Amino acid sequence: MGEKSRRPAVRLTARGAIALALVATLAGYVLAAVFDVGHLVGAAFVLASALGALLVNRRELLSLVVTPPLVFFCATLFVELGRAFGSVSVVQSLALGLYTSMTRGAPWLFAGSAIVLGVAWRRGLRDNVRELREELKADAAEVPRPRQPFVPEPEGYFEPKVYGTPRGED
């Protein structure tokens, strides 16, 4: 009963976990409209985000942690665009709908982001950040630095050049 018995059989990529959260949030919007319960959107978002953080590959935790606000905004934008097309002023309706939906969903957005961050931190996000830092340091060490900060351009660099032969002289 070692480490292998605790691993879930399903592993997601970061893209898969993001898609799961997006689809679940959109489904929450549909269910909220059908059953007239506004909290279904936020609950679906939080549950899908937490599930995605639990099932994502450990090496992709860093990619997943930054996406919950973007996922929530994209789902909200998609839904509000659909609602706005039936109104007289599409831009005004879209702006008001986005404002209302984002402010109503803010507690759920913060909760989902915090849960994803907490789960990812527990699963090894710290190691991912450390590996990224080491990679960036190694890349920075390999880049040769020029000795002279400014290299002047050669004489006539900005003069127009004519290539080929003029037309008509074949």
Legend entry - Amide proton proximity set for Leu12, modelled H, under 5 Å, gap of 5+: Val56, Asn57
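I'd like the FRET efficiency for Phe73 and Ala9, computed as 1/(1 + (r/R0)^6) with the beta carbon distance as r and R0 of 22 Å, rounded to 0.05.
Working: r = 32 Å, r/R0 = 1.45.
So the FRET efficiency works out to roughly 0.10.
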Inset, instruction - Starting with the highest mean, order 10-20, 28-38, 65-75 by the number of other Cβ atoms within 10 Å, averaged over the residues of each peptide. - result: 65-75, 10-20, 28-38
Legend entry - FRET efficiency estimate (nearest 0.05) - Cβ-Cβ, Val34 to Arg126, R0 35 angstrom: 0.25
Legend entry - For the stretch 1-142, radius of gyration divided by Kirkwood radius, i.e. Rg to Rh on alpha-carbons: 1.09
Legend entry - Pairs of alpha carbons in the stretch 32-81 whose separation is greater than 17 Å (percent): 43 percent
Legend entry - Using θ = phi - 60° and Karplus 6.51 cos²θ - 1.76 cosθ + 1.60, couplings along the stretch 53-61 (whole Hz; Gly, Pro as x): 5, 6, 9, 6, 4, 4, 6, 10, 5
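Every number here is computed from the coordinates shown, using simple stated rules; none is lab data. Predicted model only: the values in this text are computed from it and were never measured. Glycine gets a Cβ as well: all are built from the backbone with ideal geometry, and neighbour counts include every protein chain shown.
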